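Readers should treat all values here as calculations from the given coordinates under stated rules, not as data from a laboratory. These numbers come from a predicted model, not from an experiment. When we count neighbours, we look across all protein chains shown, and the Cβ atoms used for this are built from the backbone with ideal geometry, even at glycine.
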Amino acid sequence: MAFQTVFKRVEKKYLLDEQQYLALREKLKDYMTVDEYGETTICNIYYDTPEHILVRRSLEKPIYKEKLRVRSYGTPKPDGTVFVEVKKKYKGVVYKRRASMKLPDSDRFTKGIPVGTKDKQIENELLYFMKFYRGIAPAMYLSYERIALFGNEDPALRVTFDRNIIFREEDLRLESGSYGRTILPEGTRVMEIKITNAMPLWLAHMLDELKIFPASFSKYGSAYTLVCKDKLAAKENENTEKKDKVTNCA
């Protein structure tokens, strides 16, 4: 199956526990099929400015937001293929444009150096994005295990289930593999429904029956929030220790 380079669709997110996940998968058997890749490890390097403008803006839930990442399907080999992509969301509609290239080329490309991909227009758009956000650089590694399904009657309808979401702020290289800190409790999955038109009634009925409701969730945003909480807790502990030392000296 050829990889798409341009997307325009509505994406809705849900958080499922193990019981909801298993029940929904059973119901979807007659309507959707798992794609040819089965369960795949999706690996990403998210880029941001030194002030983390992109993720902070995203957490404010504006009507327009955007992000840049480099993605691989599985841990890439030294000469493996990766995708540099910009994902934008405006009033609930997601627009994604990406260029495929070899891993060594992506290292140069994300420093603003053209590499001559097949789609010059998309390459120029990506280069402009990186030039616009001054100082943009690797900010976080994030990976997860994904199962993707497509509609039997409408292949454009896709449902994905992500588990084992992990992240790290150090060793920001795709080739280093998946390791780090988890975001969600064991058994929790992030489901995304991706549609180009209206959601099918049969799918809406399934969600209603299983009491599965939309949830506001960002993988990168959630990881960044955890990091901020850790830093705040460490600072509070440091201040407490300083106060204890002053009290002891008195």
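May I ask you to derive the FRET efficiency for Lys88 and Ala204 from their Cβ-Cβ distance with R0 = 25 Å, giving the value to the nearest 0.05? E between Lys88 and Ala204, to the nearest 0.05, is 0.40. The slack between Lys131 and Leu226, meaning 0.36 nm per residue of separation minus the straight C-alpha distance, is 31.3 nm.
Between Arg25 and Gln121, residue separation times 0.36 nm minus the direct Cα-Cα distance comes to 30.6 nm. Taking each residue as 0.36 nm, the span from Ile53 to Arg181 lengthens on full extension beyond its C-alpha to C-alpha distance by 43.8 nm. For Leu184, the residues whose amide H sits under 5 Å from its own are Ile165, ignoring neighbours fewer than 5 places away on the same chain, with H placed 1.01 Å from N. Suppose each label sits 7 Å from its Cα in the direction of the beta carbon; what would the Glu36-Glu236 distance come out to in nanometres? Between Glu36 and Glu236, the simple spin-label model gives 5.2 nm. Only DSSP H runs of four or more residues enter the estimate; each adds -39500 (n - 2.57), and after division by the residues of the chain the mean residue ellipticity at 222 nm equals -10000 deg cm²/dmol. Give me the distance between the Cα centres of segment 181-245 and segment 38-109, rounded to whole Å. Centre-to-centre (Cα) distance: 18 Å. Each Lys or Arg adds one and each Asp or Glu subtracts one; over the other residues with Cβ under 13 Å from the Cβ of Asp154, this totals +2.
Report Rg/Rh for the chain, rounded to two decimals, where Rg is the Cα radius of gyration and Rh the Kirkwood radius. Checking Rg against Rh, the ratio lands at 1.02.
Computed over segment 1-75, the convex hull of the alpha-carbon atoms projects to a mean area of 7.7 nm².
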